[in-house]
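Trainee: Can you read through this structure? Questions will come right after.
Please treat every number below as a calculation from the coordinates, not as lab data. Predicted model, so just to flag it, every value in this text is computed and none were measured. No Cβ is skipped: glycine too gets one built from the backbone with ideal geometry, and neighbour counts run over all protein chains shown.
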Amino acid sequence: MTEGDWAALWVTLRLAGLTTLILLTLGTPLAWWLAHTRWRFKFVLEALVALPLVLPPTVLGFYLLIALGPRGMIGGFLESIGGRPLAFTFAGLVVGSVFYSLPFVVQPLQNAFQAMGRRPLEVAATLGASPVDRFFSVIVPIARPGFLTAAVLGFAHTVGEFGVVLMIGGNIPGKTKVLSIAIYDHVDALEYGHAHLLSGGLLALSFLLLIAVFGLNRKFQVVKT
């Protein structure tokens, strides 16, 4: 691996880790609300959450680039208060990754919350457990497979991003250049050896993460039975 590849690996891991942390923080209450609300139009919000699953990454990246740029709603506001637009920055990559990987975190959590129902929380409430206690002592243990799946899928999906990060962040070494872009650069330069090394590494990482998810989920199912 070249020095630029190591830098791209570091940017990728930072991006995936931070994105996963943000998504778990924001996605958990959203998934809980979607799992239990009786709002008749919740399907509209579910469709918005799932939109990145079917929307071409370049389309999402383009509109995020417009929004985060100096003339966009977000970028323009930041510039007006003395900040700087988020386009072509690592922070912009994080924003784009949160939007792009949102369904891979929210949907597993929503399914886990729907499967557990409200009965365990009602029992805990009658025993005097506070909302915080109920979350950590009831929700997290029961929905642990959902949290694990959400974290792994969110992380892995962010690692494999290309179109969104290229549109928002460009190809700035050490700042916005991630592994998927590094692979493209090697192929474009006919450096297939480097491309094979990076691609094989990502393939192995993705496979191992999925093995971990399916293996641990199977273990949890065996324990429950």
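Trainee: Can you tell me the mean projection area, over all orientations, of the convex hull of the chain's alpha carbons? Units nm², please.
Mentor: Seen from a random direction, the Cα hull of the chain projects 15.3 nm² on average.
Trainee: Still on this model: So if each residue of separation counts as 0.36 nm, and I subtract the Cα-Cα distance between Arg40 and Lys175, what length gain in nm does that give?
Mentor: Gain in length upon complete extension: 44.2 nm.
Trainee: Here's a follow-up. Quote the relative contact order of the chain in percent (integer), defining contacts as alpha-carbon pairs under 8 Å separated by 6+ residues.
Mentor: Here the relative contact order equals 30 percent.
Trainee: Using the 10 angstrom Cβ neighbour count as an exposure proxy, how do Leu127, Leu9, Leu34 rank, fewest first?
Mentor: Result, fewest neighbours first: Leu127, Leu9, Leu34.
Trainee: Cα extents of the stretch 34-83 along the three principal axes, largest first, in whole Å?
Mentor: 42, 26, 13
Trainee: Still on this model: Looking at the stretch 58-150, which trypsin sites (Lys or Arg not before Pro) are DSSP coil and have at most 13 other C-beta atoms within 10 Å of their C-beta?
Mentor: Arg71, Arg118
Trainee: With runs of 4+ DSSP H residues as the only contributors, calculate the mean residue ellipticity of the chain at 222 nm using -39,500 (n - 2.57) per run, divided by the residue total and rounded to the nearest 500.
Mentor: Counting only the DSSP helices, I get -25000 deg cm²/dmol.
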